[in-house]
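See below for the structure under consideration.
What follows is calculated from the coordinates using simple rules that are stated; it is not laboratory data. Keep in mind the model is a prediction, meaning the values are calculated, not measured. With ideal geometry, Cβ positions are generated from the backbone for all residues, glycine too; neighbour counts draw on all protein chains shown.
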Amino acid sequence: MNVILRNRAFPLLQTRAFDSNFERLVGGLLENAPLAPRMNVVDTGAAYRIEAELPGVTREEIRISVDKRRVSIDAESTVANEVAEGEKALLTERRSHKYSRVLTLAGEVEDAEAVAKFENGVLTLTLPKKAADQPKQIAVQ
């Protein structure tokens, strides 16, 4: 038996026209706001590894800044919605996106030894920890 719940008090809220008008109204407010890329941050012991999803971005469009414990990632994807002469665009939903994320790590990193790789829309940063921030083993006598 299937149960279908309907809000009979506001049938207008269930129409597709309302959804598209609401999206047009609210979506325009946030259209130019940068998106925060989804990411994983891992402490490997000797370094921090950050993996950030940046779909539609090229290497040249990524800017990374490291200052002691603060890591900043900015990127902007550009989409060309151009049509050739004689063609007619029937639907153009693809658009440019800005990505921005700043995070503060638990310890300082060696920014001179940082490595950044970008493959299949995923940015991988490997940020070695400063020697002073690594845990030291003390032998018990």
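General observations
- Potential extension, V79-V42 segment - 0.36 nm per residue separation minus Cα distance: 10.2 nm
- Antiparallel content of DSSP bridges confined to region 33-127, in %, to 5: 95 percent
- Under 21 Å from K68, Cα to Cα: lysines that are on another chain or at least 8 residues apart: K117, K129, K130, K136
- Loop-located trypsin sites (Lys or Arg not before Pro) in region 47-102 whose Cβ has at most 12 other Cβ within 10 Å (DSSP): K68, K88, R94, R95
- With a Förster radius of 25 Å applied to the C-beta separation of E60 and A131, the computed FRET efficiency comes to 0.15.
- The slack in the chain from E93 to D111, taken as 0.36 nm per residue of separation less the alpha-carbon distance, amounts to 2.6 nm.
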